[in-house]
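Below you'll find the structure, written out as structure tokens, and then a few comments.
The values are calculated or read from the model by the stated rules, or taken from the named source; none is laboratory data. Small disclaimer: the values here were computed from a predicted structure and weren't measured. Because the Cβ atoms are built from the backbone with ideal geometry, glycine has one as well, and the counts that use them run over all protein chains shown. With ligands, DNA and RNA removed, areas are computed over all heavy atoms of the protein, side chains included. Shrake-Rupley method; radii C 1.70, N 1.55, O 1.52, S 1.80 Å.
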Amino acid sequence: MPADSSAAAIVALDPAWRPAATESLRLAAAGDGVLYLLTSPSGGGGSSSGSAPSLRRLTLATGEEEVLELSRVSATPAGLFADPHSSTSVLIAHANGDTVYVHRSRSRVLGKARGLLITAVAWLRPDPSRSDTREVLLGSSSGAIFEAALEPTRTSRYRQLFTLSPPAPLCGLAAEPFVSQGAPDDKRLFVLAATPTRYYEFVGPASLEALFASYRELSHLGHVEVEGPPPGTAWPPPHKGSSLDFDRRRGQEGGGRGSGASPPSAFAWLSARGVYCGSLLFGAQAPRDSCVYDSEMRPYPPATDLAQSSGAGSASPAALRWPPLSLALTELHLLVLYGGGVAALSPEQRPSALDLAVRAQAQARSGYAHALAEIQAGRKRSCWIWWIWPAYSKVRTTGKPQYSLHDAGAALAWLHHPTLGPRLLEITRAAVHLLEKGAPSTTVCGSAVDADKFHESVSLFAVASGGHPAAHAEGNALCLAALRALGRPIHAETARHAAAGPLAAVPP
């Protein structure tokens, strides 16, 4: 196990619900507003010992408990996978390859998947027109990926889509639909698949069959790989739950079928070396592109931390047992589940796009002074536009997304920033001066593509800087002057997205 750690706190599980004295908690998984708890009689691992497990569904808002009837399986439960989009569905994988599907209060064995040891599940967003059908991706211990359409009484579709090469057990699957930037009818799909030492990205058509077919043609599948476990470390862990999670937030702009949640902004993967986490960005990705950027490895807490007791009600030295079993990603924490307890790893504060832009502008060869000198000389000649006239992520995906602004509030913060704001005004004035003298925008900006980027950027700043109490009048006037000098109206898609926020208004 690694000797260093960035764990902020180690806490013991102390739930309001506790198993009876004759029961042991075996598996747990969270759905949408519910918690599933699988117990078995103490001393028995499951049906193989002659004692049937019990599944409870706890409604978190009310504390209501419901005991769900399970189909009888003569094997030990090996994994519990709850639907994150609903409070009605969960899958229970068993060591003999039987899988039980529970929907509402009914359960059944997936006959078409008999003999398949399921180690990972991705639940697709539900289709509102088919409320009782759940589409899932199933990952197996052999590295095969299957598609299934689960109905209460039957599996209406079941087929193998892909097999990893070289084969490796899948420990995590996640899927997210998204709409191509600027083309609302162009629906696409992103799938992330993880093994203990690798993760794979699949980006392409919204059809699962078409998506994976495009990757079957490749002789080599691109991936990110980490080192194997440290010597003497038990790995992989028992397949108890997901080792891959998306950060899902509610109440923002919808992200595909089953609106009500925004597209995920980050992911975390329980790898053999630590928790690997990264940011996600959806927009103009072409098939086989990447949606992942700005990734890092977070080491696991060392054994000394796992064995420590910290205050009343905390875990005993033996409670937090290696290896980690599963994880959950929230906006504030990475929660890693061990036997008997949870390690809460508080992610380090990542630098914002503004912080990164300040750093980039300080560079000698492509920083702000260099960019300003080029514009004052009449033409952009080198690569620096990302941190000078930043892109708007809802309109354009760039090769350096860490500098893109995600909303009008970020653009207004840029204008009010003590370093970035004055520099933006200075270099934009220089560009406007050239344009007003008749220089073509393709010359000033260096290319037609960068002229379009300049148009989109000043449109965003124009929308963000006017029409509300926090307005930036000087920035608003200058960006409108830039649009007039370009001979273009405000960029329509930028205005549509940015004006929807509370800090923006489309200028006249």
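Per-structure values
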| read-out | value |
| --- | --- |
| Qualifying residue in the range 457-466 (condition: in contact (Cβ under 8 Å) with a residue 24 or more places away in the chain and open to solvent by 30 Å² or more (accessible area, probe 1.4 Å)) | no |
| Hey, Thr153 closer than 29 Å to Arg56 by Cβ and in a loop (DSSP other than H, G, I, E, B) or not | yes |
| Test: residue in the range 108-126 that is of a type outside the set (D, E, K, R), farther than 27 Å from Pro324 by Cβ, open to solvent by less than 10 Å² (accessible area, probe 1.4 Å) and at pLDDT 90 or above | yes |
| Enumerated strands (runs of 3 or more DSSP E) restricted to the range 290-371, each holding at least 1 residues that are at pLDDT 80 or above and buried (at least 18 other Cβ atoms within 10 Å of the Cβ) | 292-298, 321-329, 334-339 |
| Residues being open to solvent by less than 50 Å² (accessible area, probe 1.4 Å) and either closer than 22 Å to Asp289 by Cβ or under 19 Å from the mean Cα position of the chain (by Cα) (or both) - total across the range 397-422 | 6 |
| Test: residue in the range 23-37 that is modelled with pLDDT of 85 or more, among the acidic types (Asp, Glu) and in contact with a strand residue (DSSP E or B) (Cβ under 9 Å, 6 or more places away or on another chain) | yes |
| Search result, residues across the range 433-456 that are in a helix (DSSP H, G or I) and farther than 27 Å from Ala499 by Cα | His433, Leu434, Glu436, Thr442, Thr443, Val444 |
| Unmet requirement for Ser459, which otherwise passes all of (1) within 32 Å of the chain's Cα centre (by Cα); (2) of a type in the set (Ser, Thr, Tyr); (3) not in a helix (DSSP H, G or I) | (3) |
| Which numbered condition Trp384 fails, given (1) surrounded by fewer than 22 Cβ atoms within 10 Å (Cβ to Cβ); (2) in contact with an Asp or Glu (Cβ under 9 Å, 6 or more places away or on another chain); (3) touching a residue at least 60 places away in the same chain (Cβ under 8 Å) | (3) |
| Filtered residues of the range 185-232 (kept if among the β-branched types (Val, Ile, Thr) and over 22 Å from Ser141 (Cα atoms)) | Val203 |
| The range 149-171 - residue that is among the basic types (Lys, Arg) and more than 30 Å from Ala272 (Cα to Cα) and, of those, surrounded by the fewest Cβ atoms within 10 Å (Cβ to Cβ) | Arg154 |
| Check on Thr76, surrounded by 14 or more Cβ atoms within 10 Å (Cβ to Cβ) and either more than 26 Å from the chain's Cα centre (by Cα) or on the phi > 0 side of the Ramachandran plot (or both) | yes |
| Total residues in the range 46-56, condition within 13 Å of Ala75 (Cβ to Cβ), modelled with pLDDT of 50 or more and open to solvent by 30 Å² or more (accessible area, probe 1.4 Å) | 2 |
| Close pairs (6 angstrom Cβ cut-off, 6 or more residues apart or separate chains): more than 15 Å from Arg157 (Cβ to Cβ) and touching a residue at least 24 places away in the same chain (Cβ under 8 Å) in the range 204-215, open to solvent by 10 Å² or more (accessible area, probe 1.4 Å) and of a type in the set (Gly, Ala, Ser) anywhere | Gly204/Ser214 |
| In the range 55-100, residue nearest to Leu124 (Cα to Cα) [restricted to those that are assigned to a strand (DSSP E or B) and touching a helix residue (DSSP H, G or I) at 6+ places or on another chain (Cβ under 9 Å)] | Thr99 |
| Whichever residue in the range 127-140 is among the small types (Gly, Ala, Ser) and more than 19 Å from the chain's Cα centre (by Cα) and, among such residues, is surrounded by the most Cβ atoms within 10 Å (Cβ to Cβ) | Ser140 |
